[in-house]
Amino acid sequence: MEHIQMQLQQLFEEIEQLEKKLKERTTEQMDTHYDMQQDSLQGIERQLNNIEQQIEKKETYMFVPAI
């Protein structure tokens, strides 16, 4: 009986270690995903800023008063 309890205890400890590793990996994956999303959003923001600047340049040329 004592042998079975020792095996069970060892299994519980191994399960706890696996849960800890799983949590760490999940956190790492979420951090990586977050970083990738941030990079993507920054790229989109740069593109939008470039488009905005191009539109402003065109508007400037379109509304120059005629002399």
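Output yes when any residue across segment 41-61 is among the hydroxyl-bearing types (Ser, Thr, Tyr) and open to solvent by 100 Å² or more (accessible area, probe 1.4 Å), and no when none is.
Among the residues of segment 41-61, at least one is among the hydroxyl-bearing types (Ser, Thr, Tyr) and open to solvent by 100 Å² or more (accessible area, probe 1.4 Å), which makes the answer yes.
Consider Gln38 carefully, then state whether it is modelled with pLDDT under 95 and surrounded by 10 or more Cβ atoms within 10 Å (Cβ to Cβ).
Answer is no for this residue.
The values are calculated or read from the model by the stated rules, or taken from the named source; none is laboratory data. Every value quoted in this text rests on a predicted model; they were computed, and no experiment measured them. Positions of Cβ are generated from backbone atoms using ideal geometry, with glycine treated the same way; all protein chains shown enter the neighbour counts. Side chains included, ligands, DNA and RNA excluded: accessible areas come from the protein's heavy atoms. Shrake-Rupley method; radii C 1.70, N 1.55, O 1.52, S 1.80 Å.
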